[in-house]
Amino acid sequence: MQIKKLRLSGFKSFVEPAELHIEPGLTGVVGPNGCGKSNLLEAIRWVMGENSPKSMRSGGMEDVIFAGTATRPARDFAEVVLHAEDDRGEQLDVTRRIERGAGSAYRLNGRDVRAKDVALTFADAATGAHSPALVSQGKIAQVIAAKPTERRQMLEEAAGIAGLHVRRRDAEQK
Ligand code: ATP
Ligand code: MG
């Protein structure tokens, strides 16, 4: 699966609507400290269903919404749209939106879906919020310094086994 386009609005420091086109191959994000490089990677994880406060560097779910500055009022929602193409050329549009006091809502190709449906879609494509294709700041140093049990978890993620756990949990609940 290849991410083609990302649209952000009110997400963390991306207060004004911003659209990014991602070209094939390896993508690096460069810019001065605090310009929003890590926020961009977090937006990709977030739209894929990530909720862990640690991955999102946030205390609560609503912390991803633009919190305002001395000169700009806070926003009351955050939205990220990811446009991707899978290996068979099928187009995929995923939207996640969070409103203050109203929680998150997801859309998959224009249909309202559950968070679980989004997670399964990415797990089936062997990608997702924990994909080894998304390399965040400090991750390489973390792999080197990791304890064996932690490293095992990273290797499971890299091998794509972590994605299978999502489907197994889902099957076990039925
Ligand atoms: P570095 O090079 O230091 O890693 P970076 O480019 O990765 O920097 P980020 O960590 O992505 O920068 O962005 C940090 C900025 O995002 C900070 O200025 C922070 O105030 C801002 N920010 C984070 N969350 C919010 C929010 N909810 N509302 C407004 N601004 C936010
Ligand atoms: Mg950073």
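The values are calculated or read from the model by the stated rules, or taken from the named source; none is laboratory data. Everything quoted here is computed from the prediction, not taken from an experiment. Here Cβ is always computed from backbone atoms with ideal geometry, including for glycine, and neighbour counts include all displayed protein chains.
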Inside region 61-83, can you point out the residues that are touching a residue at least 60 places away in the same chain (Cβ under 8 Å) and among the small types (Gly, Ala, Ser)? ALA78
Identify the residue in region 45-74 that is assigned to a helix (DSSP H, G or I) and within 12 Å of ligand 1 (Cβ to nearest atom) and, among all such residues, is surrounded by the fewest Cβ atoms within 10 Å (Cβ to Cβ). ASP63
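Please find, among SER104, SER58, SER13, the residue that is within 16 Å of ligand 2 (Cβ to nearest atom), among the hydroxyl-bearing types (Ser, Thr, Tyr), on the phi < 0 side of the Ramachandran plot and touching a residue at least 12 places away in the same chain (Cβ under 8 Å).
Sole residue among the options that is within 16 Å of ligand 2 (Cβ to nearest atom), among the hydroxyl-bearing types (Ser, Thr, Tyr), on the phi < 0 side of the Ramachandran plot and touching a residue at least 12 places away in the same chain (Cβ under 8 Å): SER13.
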Could you list, ordered by first residue, the pairs with Cβ atoms under 7 Å in which the first is in region 22-35 and within 18 Å of LYS12 (Cβ to Cβ) and the second is basic (Lys, Arg) and within 16 Å of ligand 2 (Cβ to nearest atom), at least 6 apart or interchain? VAL29/LYS37; GLY31/LYS37
Which condition breaks for ASP86 when tested against (1) touching a residue at least 12 places away in the same chain (Cβ under 8 Å); (2) surrounded by fewer than 16 Cβ atoms within 10 Å (Cβ to Cβ); (3) in contact with a Lys or Arg (Cβ under 7 Å, 6 or more places away or on another chain)? (3)
Any chance region 13-23 includes a residue that's more than 9 Å from ligand 1 (Cβ to nearest atom), at pLDDT below 95, part of a strand (DSSP E or B) and not hydroxyl-bearing (Ser, Thr, Tyr)? no
Count - residues of region 24-47 that are at pLDDT 95 or above and more than 16 Å from ligand 2 (Cβ to nearest atom): 1
Expected single match for loosely packed, with under 11 Cβ neighbours inside 10 Å and not acidic (Asp, Glu) among ALA119, ALA145 is ALA145
